[in-house]
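The values are calculated or read from the model by the stated rules, or taken from the named source; none is laboratory data. This structure is a prediction, so every number in the text was calculated from the model and none was measured. Cβ: placed from backbone, ideal geometry, glycine included. Neighbour counts: every protein chain shown.
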Amino acid sequence: MKKFLFTIFFLFLFSNTWFAKDCENIQDAFWKYKCRSENICKQYDDNKKVFNPEMFKEADNYKEASVSDVLLVTSINQKPIKKAVSIYKENMNSIYKCALIQIQKNSLRNLRPLLKLDKTWEVWKAISVKMDELNNRLDMISKSSKCLWIDKETTSNKLSILKQTTYITCDFAFYSEYLKEYYKNIWNGMWEEQEEFSSIEVSKKILNLSNSIDKELQHAIKIFPLAYHAYSEYENNFTVHFLLEIIKEDYNILRNKLHQVINPINQVGYKIMNAMWL
């Protein structure tokens, strides 16, 4: 049901460009995309960014292909499409990665006072080392991933992450519309082709490029609710998971102490029996 509602929401959002009437008079396709994104998508952009996303450029900037591009892209003319998809995925992955790091660090910070409730300091000694190791590892990953830190206290970041990922997906949707306009120009769709084609073959190739763009956008919209749901579940359960770790460690300490106390008592019976046989 949630997946269905998300799909309806995005189809409604991305298909109703009449919200940006001022943009429709712009002749340049790229600047029309920028205008639509600014007027419609920007409202979902959140000030509490966990990551600065890479913005899309004009498709001509993505024409140059490396050796890996030639191997991975069936048609070199699809390079702008594949590059756009790569940027979108990297932005989304980085937002979720940085959000998960932030939730873990904030949860660890908020759980530390609980360890001090143990007056024996046994739990503190056992858990604090694990917490420090995890925190240091998160710091290194955060730095290498270029994460931003806005709110260092919250243990719930769902609304902010929903806004950030919605903005990125909305922007990708309008960039997809720009790419479809871009490929309507025959030279943009055929710039690397060395063969001669009939008008029917050219139309077929342009249509295939348009279908590839639609397919990538549909996949992005399909994955969107699944990724957000997975993030929400992680955020809900991480603190509980670490609390269970604390309880487990407390239980292990209690068990070991009981063993130390009870074991000598258990030996009394054997010592009495041995003394009787002497």
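Being surrounded by fewer than 17 Cβ atoms within 10 Å (Cβ to Cβ) and either among the β-branched types (Val, Ile, Thr) or modelled with pLDDT of 90 or more (or both) narrows it down to one residue among Ser144, Ser94, Ser156, Ser128; which is it?
Ser144
Identify the residue in region 47-61 that is surrounded by 14 or more Cβ atoms within 10 Å (Cβ to Cβ) and in a loop (DSSP other than H, G, I, E, B) and, among all such residues, is farthest from the chain's Cα centre (by Cα).
In this case the residue turns out to be Glu58.
Quick one: which of Ala20, Ala99, Ala65 is modelled with pLDDT under 75 and farther than 21 Å from Ser210 by Cβ?
Ala20
Can you pull out every residue in region 23-46 that is modelled with pLDDT of 75 or more, in a loop (DSSP other than H, G, I, E, B) and not β-branched (Val, Ile, Thr)?
Those that are modelled with pLDDT of 75 or more, in a loop (DSSP other than H, G, I, E, B) and not β-branched (Val, Ile, Thr): Glu24, Asn25, Gln27, Asp28, Asp45.
Could you please give the count of residues in region 21-46 that are surrounded by 14 or more Cβ atoms within 10 Å (Cβ to Cβ) and either over 23 Å from the mean Cα position of the chain (by Cα) or touching a residue at least 40 places away in the same chain (Cβ under 8 Å) (or both)?
16
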